[in-house]
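The values are calculated or read from the model by the stated rules, or taken from the named source; none is laboratory data. On a predicted model such as this, the values are computed, not experimentally measured, just so you know. Neighbour counts run over all protein chains shown; Cβ positions are idealised from the backbone, glycine included. The accessibility values were calculated without ligands, DNA or RNA, using every heavy atom of the protein model including side chains. Shrake-Rupley method; radii C 1.70, N 1.55, O 1.52, S 1.80 Å.
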Amino acid sequence: VRYNQFGGTAGGPIRKNKTFFFGGYQNTRSQGTTLFTNGNDPQPAFFNGNFSRVLGAQVGTDLNGNPVMSKEIYDPLTSVNVVNNGQTTVVRTPFTGNIIPISRLSPAAVNISKFWPAPQSSALSGDWNSSAVNLNYTKTYDIKVDHNFTDSDKLMGRFNKSYNRAVTPPEFVDTRTGGSTQKIPNYFATVDYVHIFGPHIVNDLHLNFWQQYAIRPAGGSGVISLASLGMHGLPAPDDTTFGMPTFQFTNFDTMGSASSTFLIQLQQSKSIVDTASISLSKHTIKFGGE
């Protein structure tokens, strides 16, 4: 892990007793390594429908007297109803040798399987170990200026900008998908004008603006579309290159983008606030609007 944080501030007068400035800058950089240990990466034979290695011993028989094996894969197109003792049970025929014919494999599944890396051993589990760099950078800028027109009129302006960039790597890194990079610029500006009407009445006027524009594309954004994967019918244009989805499988580790949500989110607010204060002998009255 490498962590760096540096910056500084400076301030002082621009015009004596009239105009002053103050500014600051901070940069925070965090870089580390994400470890993926004992991961479960499918064996190459699985992508061809060959699951003979996981076929276990016989654990019984079905209603037709056929042997039933542990971890056996059945053909869903062979489901038949068998009546036994007045009860109807669905009986199916297993794929021979636990091998699914290639012609029965989903085209989308075949396309997606090409993104899996080759396992590092022939073990059925714990056959993958890797590491990848993760990043988190944040920059912040501040500037503030105060100006006194007279003893009764004072103006202040302040601007702040921050920028965050974070890279989250997936476990199975592919040059076509890569990691997920999130970028969040943030802006804030305010102007404050204070006018003193007399020894008892002060008015304070605020103008504020804030904006955040988060951009978080999935890995493979601009390259991979749903159509290129053979996936259709989702609530998104098939030919739009939103990037790689995230795929989760039972008994295998997650594959695909580290962040599957393609996010472009603009948030902003503008406000004007005015507050007047009246000081009486034993009371203070404040009123205003926003």
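Quick rundown of the values:
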item: Where Rh is the Kirkwood radius over Cα pairs, Rg/Rh for the stretch 141-290; result: 1.30
item: Charge dipole (the stretch 14-132, unit charges on Cβ, about Cα centre) - positive-most of Tyr25, Val80, Gly97; result: Tyr25
item: Fraction of accessible area attributable to carbon and sulfur, the chain (%, probe 1.4 Å); result: 55
item: Distant-in-sequence amide H partners of Ser180 (H built 1.01 Å from N, under 5 Å); result: Thr168, Ala258, Ser259
item: Fully extended contour minus Cα-Cα distance, from Asp75 to Ile215, at 0.36 nm per residue; result: 46.0 nm
item: Options Ala166, Thr140, Met156, ranked by Cα towards positive dipole end of the stretch 133-172, top entry (Cβ charges); result: Ala166
item: Per-residue ³J(HN,Hα) for the stretch 95-108, Karplus 6.51 cos²θ - 1.76 cosθ + 1.60, θ = phi - 60°, Hz, x for Gly and Pro; result: 5, 4, x, 6, 10, 7, x, 4, 5, 9, 6, 5, x, 5
item: Other-chain or far-sequence residues with amide H under 5 Å of Gly220's (modelled H); result: Met244
item: Cross-link pairs beyond the 26 Å C-alpha cut-off, checked among Lys18/Lys139; Lys18/Lys286; Lys144/Lys270; Lys114/Lys183; result: Lys18/Lys139; Lys18/Lys286; Lys114/Lys183
item: Calculated on alpha-carbon atoms, Rg and Dmax of the chain in Å; result: 32.3, 103
item: Packing-based order for 105-117, 275-287, using average beta carbon neighbours within 10 Å, highest first; result: 105-117, 275-287
item: The stretch 22-27 - phi-based ³J(HN,Hα) in whole Hz, Karplus 6.51/-1.76/1.60, Gly and Pro as x; result: 8, x, x, 9, 9, 10
item: Average accessible area per residue (Å²) across the chain - probe 1.4 Å, nucleic acids and ligands excluded; result: 62
